[in-house]
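> Mind having a look at this structure? Questions to follow.
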C-alpha cells in the first residue's frame, strides 16, 4: 500500500508539477524514471519490461506523446539490466531489496543513476525531435534536464537515507 | 528444437522488448510529423480533459474567472474596432441601419496544451467546431499573432504555433508589406527569421513587425514581433533579419481565434483561388 502511494505521488509530481515547470524550453525533467530505476532487484526481467511499457504508456497518455515515453522507458529498463549485470548484487537479490542508495551503497547507485538518467533524457529528446534534430538544443536540453532530475533524485534518496538512520 | 526453446525462454524478455519497441515505433512514426497534434485529436476528450484538469488545478480560480471576463470584453472591443470593420459611406445615401459591420470576430479560448521545445510545436485550445472554429483560422494572444488552426473537433482545436518549422507568415514593417516569408528555424523559442529583405530597405533594429493586408486570416496591424538583429549577408544584397516574437509562447494561456466573416465571399474573387 505504501509503495503504491509512493508510485502515485512520484507520478503525480511528474504530471502535475514537473511537466509544467515552464522555466525554460531547455528544462524538461523526467523524475518519474526513479520508479523504474529503484525497482526491486528480484523482479523478473519480463515483468520489468512490462512495467516499463505500462508506465511509459501512462506517461505518454498524460503528455500526448504517443510511444515516446514508452519507448524511452523500455530503453531505460534494458540499460538498467545491462548495468546491474556488472554489479555484485546476489545478497540484495536474495533479500528482495529495492535498488536504492541505502541498499546497494551510494557510490554504485550514483554511478548507475548518472548513466541511466543521462541516457534516458538523451534518448527521449532525440526521439522527440526526429525529423528536425538540432544537436546543440538536444545536448543542452539533455544536460539541464538530467542535472535537474539527478538533483531531485538525490534529494529523494537523501531523505530515504536520513529516514533509515532515524 | 530444445535449444531453440531454451534460447527463447532465456531471452524472452529481450524478444518482448523488441516487440514492444516495434509497437512504439508504429505509435511514434505512424502518427506523422504532427504526432502530438494527431494524438491529441484522436485521443479525443480524455487526454484533453486531463490537461484541462491539470490547467484548472494550477490556476487560481478567481484569477481564471477574471481572465475569462476580460477576454470576452476584449473580444467585444475587437469586434467594434474600426480597423476590423468595413465602413459604408453615408455622404450620398442616407443609410438608416448600422453604419458598419465587423469583418473579423474574435472567439476567446483557453490553451490547455502547449509545446515550445520541438521543431513543430502546436497548442490545443478548448473551443472547436461547436463555436464556429474551423481549419485555417488565425489565432492571436493578447500580445500578438500566436498561430493558425490545424484541425478542430466539436469541443477542441489544435493550432500550429508560430514556433513551427512549417509556419510561414508575410511580415509588414513600417507599413510596408515584404513579400518574403517569415519562418521559425528551430534555433530559439523566441526568435523567427526573415531572409530576402533587401539591404536598401529602410528598416532598423527595434522596428515593429505587424500582419499586413496580404492575408485573410488576420486583420492588418496585429503585432508579430520586433526586429532584434539585422545581419547583412556577405556577398549578397539581402539581410538576415531576426525577429523577437511578440507572443510569449511559454506563457501562452489565453488566446482569441479570428473568424473572417466574409472569407468565403472574398476568397473566390482572388485570382488563383477559384
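> Does the range A:95-105 hold any residues that are out of contact with any strand residue (DSSP E or B) (no Cβ under 7 Å at 6 or more places or on another chain) and surrounded by fewer than 14 Cβ atoms within 10 Å (Cβ to Cβ), and which are they?
Hits for the range A:95-105 are A:95, A:105.
> State whether one or more residues within the range A:145-160 are within 11 Å of chain B (Cβ to nearest Cβ) and at pLDDT 85 or above.
yes
> Give the residue that is surrounded by the fewest Cβ atoms within 10 Å (Cβ to Cβ), with candidates limited to residues of the range B:185-219 that are without any contact (Cβ under 8 Å) to a residue 40 or more places away in the chain and not in a loop (DSSP other than H, G, I, E, B).
It comes out as B:208.
> Search the range A:73-94 for residues being within 15 Å of residue A:38 (Cβ to Cβ) and more than 14 Å from chain B (Cβ to nearest Cβ), and hand back the single one that is surrounded by the most Cβ atoms within 10 Å (Cβ to Cβ).
A:92
> Evaluate the range B:264-272: report whether one residue or more is under 27 Å from residue B:74 (Cβ atoms) and either under 14 Å from the mean Cα position of the chain (by Cα) or touching a residue at least 60 places away in the same chain (Cβ under 8 Å) (or both).
no
> Need at least 2 residues that are closer than 16 Å to residue B:109 by Cβ per element, so show me which strands (runs of 3 or more DSSP E) inside the range B:141-184 make the cut, counting only ones lying wholly within it.
Hits in the range B:141-184: B:145-152, B:157-164.
> With respect to residue B:260, determine if the residue is farther than 12 Å from residue B:169 by Cβ and out of contact with any strand residue (DSSP E or B) (no Cβ under 8 Å at 6 or more places or on another chain).
no
> Something else now. Just give me the residues in the range B:30-48 being within 20 Å of residue A:55 (Cα to Cα) and either at pLDDT 60 or above or more than 7 Å from every other protein chain (Cβ to nearest Cβ) (or both), in sequence order.
Scanning the range B:30-48 gives B:46, B:47, B:48.
> Also, quick follow-up: Determine, yes or no, whether residue A:49 is touching a helix residue (DSSP H, G or I) at 6+ places or on another chain (Cβ under 6 Å), crowded, with 18+ Cβ neighbours inside 10 Å and away from every other protein chain (no Cβ under 14 Å).
Criteria not met by residue A:49.
> For residue A:8, indicate whether it is closer than 16 Å to residue B:54 by Cβ and either touching a helix residue (DSSP H, G or I) at 6+ places or on another chain (Cβ under 7 Å) or more than 9 Å from every other protein chain (Cβ to nearest Cβ) (or both).
The answer is yes for residue A:8.
> Going by what's in this entry, would residue A:70 be described as more than 14 Å from the chain's Cα centre (by Cα), within 12 Å of chain B (Cβ to nearest Cβ) and part of a helix (DSSP H, G or I)?
no
> Then there's this: Quick test of your reading of the structure: residue A:88 fulfils all but one of (1) free of Cβ contacts under 8 Å to residues at least 60 places away in the same chain; (2) touching a strand residue (DSSP E or B) at 6+ places or on another chain (Cβ under 8 Å). Name the failing condition by number.
Going through the list (1) free of Cβ contacts under 8 Å to residues at least 60 places away in the same chain; (2) touching a strand residue (DSSP E or B) at 6+ places or on another chain (Cβ under 8 Å), residue A:88 breaks only (2).
> Let me ask something additional. Here are B:243, B:222, B:266: which of them is surrounded by 19 or more Cβ atoms within 10 Å (Cβ to Cβ) and either over 21 Å from residue B:163 (Cα atoms) or at pLDDT 90 or above (or both)?
The unique qualifying residue is B:243.
> Anything in the range A:32-66 that is in contact (Cβ under 8 Å) with a residue 60 or more places away in the chain and closer than 17 Å to residue A:17 by Cα? List them, or say none.
A:33, A:34
The values are calculated or read from the model by the stated rules, or taken from the named source; none is laboratory data. On a predicted model such as this, the values are computed, not experimentally measured, just so you know. Virtual Cβ from ideal backbone geometry, glycine too; neighbours counted across all protein chains shown.
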